[in-house]
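Throughout, read-outs are computed from the coordinates displayed, never taken from laboratory work. This one's a predicted model, so the numbers in the text were calculated from it and none came from an experiment. For neighbour counting, all protein chains shown are included, and Cβ atoms are generated from backbone atoms with ideal geometry for every residue, glycine included.
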Amino acid sequence: MLNVAISDWVVATTSEDEMVHGYVEAIAWQHGIAFVHVIASDQDEIIGHLIEVKLSSVKALPTSGLDTEASVRSMIDIALEIKDEQWFMELTDSLLSLQSNESKTPTDKVIRGSYSNRLGVDQL
C-alpha cells in the first residue's frame, strides 16, 4: 500500500510521461488512480486542472515546516495559484508573525566597544 493520502503534495508522471506537481484531491484505490490538482507541469495546458494518474507513479513530497519567511512566501504563492482565500489569510498571518519576531532583534547582537576618532575632530 502506498503512503499517499488526500491533500498530500505529490510529484507524479502522467500516462503521456509528463511530470506533474500538485496535491491529491481524491483516490480511487480499487482502480489504482489518484486525482491530482496540478500546480506545475511540463505541459502548461494541464496546470490548474484535475488529472488522473496511476498511484504507482505518485510520490509524496516531504513535508516542511513553515518556520521561515521563504517557505511561507512559497506557500502563499500556491494559495494564490489555487485561489484558496482562507489558506492565503492563514499564511499571511503566519508571515506577519514571523516578520514581527525577526524585527525583535536581541541586544546581544549589538557590538559593544569604544570608538575613537582617528582624525582627532569631534564634528565634521
**Study point:** In Hz, Karplus ³J(HN,Hα) per residue of region 79-90 (6.51, -1.76, 1.60; θ = phi - 60°; x = Gly, Pro)
**Key:** 4, 5, 4, 8, 6, 9, 5, 4, 5, 4, 5, 4
Review point. Taking neighbour counts of Cβ atoms within 10 Å as a proxy for exposure, in what order, fewest first, do T13, T92 appear?
Key: T92, T13
Point to revise | Extended-chain gain in nm, criterion 0.36 nm per residue less alpha-carbon gap, E81 and E25 | key: 18.6 nm
